[in-house]
């Protein structure tokens, strides 16, 4: 896994407002211990009303098939076993925007 890659992932369970089901994610970090840090995506554009979200347009490079919203406020660690298929790689300008929002969200 490389930072910025877009993968299809299975989230088999959720609680409250967490994302569930098969969905794309953006790899934010590979921890080298069978865990990676990801930002889940949704096709529900209503999610843009929340802070720490970014709209991402589909492209050949990123492998997305529809406009998606990166849910940066739902950043999470997952086991690499949940990774199903690599879709592509996110554009560098989007990745930089995600990094900035993560720094603000986590106050680092």
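Figures for the structure shown
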{"read-out": "Among 54-67, 89-102, the order from most to least packed when residues are scored by Cβ within 10 Å on average", "value": "89-102, 54-67"}
{"read-out": "Square roots of 5 times each gyration tensor eigenvalue, C-alpha, the chain, largest first, Å", "value": "17, 16, 16"}
{"read-out": "Value of relative contact order over region 5-106, rounded to a whole percent, pairs C-alpha under 8 Å and six or more apart", "value": "30 percent"}
{"read-out": "Value of [θ]222 nm, deg cm²/dmol, for the chain, DSSP H segments ≥ 4, -39500 (n - 2.57) each, nearest 500", "value": "-4500 deg cm²/dmol"}
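No value in this document is a laboratory result; all are computed from the given coordinates. Computed from a predicted model, the values in this text were never measured in an experiment. Ideal geometry is used to build each Cβ from the backbone, glycine not excepted, and the neighbour counts take in all protein chains shown.
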